[in-house]
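Asker: Take this structure, written in structure tokens, and hold onto it; I'll ask about it next.
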Amino acid sequence: MRELVFLSPGKLEWRDVAEPELQQAGDAIVRPVAATTCDLDRLIVRGEAPFAGPFAIGHECVAEVVEVGEGVTRFRRGDLVVVNWHISCAHCDHCTGGRPNACRSHPPGAMYGLPGLGDWGGTFSDLLRVVQADFALTPVPEGVDPALVASAADNLPFGWEFTVPHLEQSPGADVLVMGGCGSIALYAVMFASAAGASRVQYHDTDRSRLVIAESFGAHAVEGPPPRRAGEFPIIIDASADQAALLCALRSVAPEGIVSSVGGHFGDVALPLFEMYRRGVRFYTGRGRGGPNVAAALAWVADGRVNPAPVISCIAPFDEAPSVVAEASLKPVLIRPRTMKTPPAR
Ligand SMILES: [Zn+2]
Ligand SMILES: [Zn+2]
């Protein structure tokens, strides 16, 4: 079967590899039908992240279930599913505690589509083995276009994670989003607006992303990050830019929350005394993934949000090498389903 391999910045190719097989009773084999790039993949393809090829790239997809092990009870052949980006055992204290992104039973960080974290393959491939499928898969709601939610494993629920739960704690709070890295910032704007933020302020230097943020209801500010952007109880740094991260940390309201998606690969000197005096809750990490997928999908399914403006292009799956190499905002590679939807249970 084919697997998309990242070779070096701007260079990707299909490679022939052995088809994955069921190895444990809880496994499933799935066939991606809509796959897209994570913001981290964009940085990798542009040569702006410290990951050297060759390796199978991609960890965001919607897939159809091709085969399930005898221990899988929630899914059947033909089901349309979102595949968690992280590999999880479903049983350790992190998996049962809502942190399956930090599963203890696999090598730290185990996931699809990055080097050195296990040989799991990537989502731009003909087939993918899913470990603990009942835990790792989420059904795509009836009637939702797979292309629209190709990002529902990672970046889309990441945008939800940074906004909706915080706005439930602080209804109507103002939200600051430092953009620059890609889609997560825009998803955060989308969810924050829909979740009732009084004001969503979005900073970026890229005109096309500013326009998308405005379409989601943000007050868009064009240009390099200022030293301080105001005072906000909820802030998201999805900039991959040190100056923007520092702006985020200086713009937080007393005891507010700053969440950073990363993309900062070196050391950063933080204004810790300023942060201490004000009180800051700072999160940086890969996001919890699986536990937020169904919630993010529900917002799309009932129309509270529409992530379509973030999609930069929809192209045939076969064209993945050239389309992914372009590193556009959110390219979605699609192909028709080959299996009939199973009859309702
Ligand atoms: Zn990712
Ligand atoms: Zn686990």
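All of the numbers you see were taken from the coordinates with simple rules; none came from a lab. Source: prediction; values computed, not measured. Here the Cβ is made from the backbone with ideal geometry for all residues, glycine too, and neighbour counts use every protein chain on show.
Asker: Counting DSSP beta bridges with both partners in the chain, what percentage is antiparallel, nearest 5?
Answerer: Antiparallel bridges make up about 55 percent of those DSSP assigns within the chain.
Asker: ALA308 to ARG228: extension gain in nm, 0.36 nm per residue of separation minus the Cα-Cα distance?
Answerer: Answer, rounded to one decimal: 25.7 nm.
Asker: Longest span of the chain, sites excluded, free of GluC sites (Glu not before Pro) in DSSP loop with at most 16 other C-beta atoms within 10 Å?
Answerer: Details: sites that count: GLU21, GLU48, GLU70, GLU142, GLU231, GLU326.
Free of exposed loop sites, the longest segment is 232-325.
Asker: A further question on this structure: Modelled label-to-label distance, GLU142 and GLU168, 7 Å Cα→beta-carbon offset: nm?
Answerer: 2.5
Asker: Kindly give the semi-axes, whole Å and largest first, of the ellipsoid equivalent to the chain, taking each as the square root of 5 times a Cα gyration tensor eigenvalue.
Answerer: Its equivalent ellipsoid spans semi-axes of 33, 21, 20 Å.
Asker: While we're looking at this one, here's another question. Within the stretch 5-43, which residues have the backbone N less than 18 Å from the label spot 7 Å out from MET339 along Cα→beta-carbon, could you tell me?
Answerer: From the stretch 5-43, the list is 19-35.
Asker: The stretch 157-284: percent of C-alpha pairs farther apart than 22 Å?
Answerer: Of the Cα pairs, 24 percent sit more than 22 Å apart.
Asker: Further, regarding this structure: Taking the simple approach of a point 7 Å from Cα along Cα-to-Cβ for both THR96 and LEU7, what is their distance in nm?
Answerer: The answer from the label model is 4.8 nm.
Asker: Express in nm, to one decimal, how much length is gained between PHE265 and GLN242 on full extension, taking 0.36 nm for each residue of separation and deducting their alpha carbon distance.
Answerer: Here the segment from PHE265 to GLN242 would lengthen by 7.3 nm.
Asker: Still on this model: What spacing in nm lies between the two simple spin-label points modelled at ALA52 and ALA298, each 7 Å away from Cα in the Cβ direction?
Answerer: Between ALA52 and ALA298, the label points sit 4.6 nm apart.
Asker: Please give me the summed charge of the neighbours of ALA301: other residues whose Cβ is under 13 Å from its Cβ, Lys and Arg +1, Asp and Glu -1. It would help to have the intermediate numbers written out before the result.
Answerer: Details: positive: ARG304; negative: GLU142, ASP145, ASP302.
With Lys, Arg at +1 and Asp, Glu at -1, the neighbours total -2.
Asker: How large is ³J(HN,Hα) for each residue in the stretch 146-157, as worked out from phi by the Karplus curve 6.51 cos²θ - 1.76 cosθ + 1.60 (θ = phi - 60°), to whole Hz, x for Gly and Pro?
Answerer: My calculation for the stretch 146-157 gives x, 4, 5, 10, 4, 8, 6, 7, 9, 5, 4, x Hz in order.
Asker: Take every Cα pair under 8 Å in the stretch 157-284 that's 6+ residues apart, average their separations, divide by the length, and report that relative contact order as a whole percent.
Answerer: So the answer I get is 22 percent.
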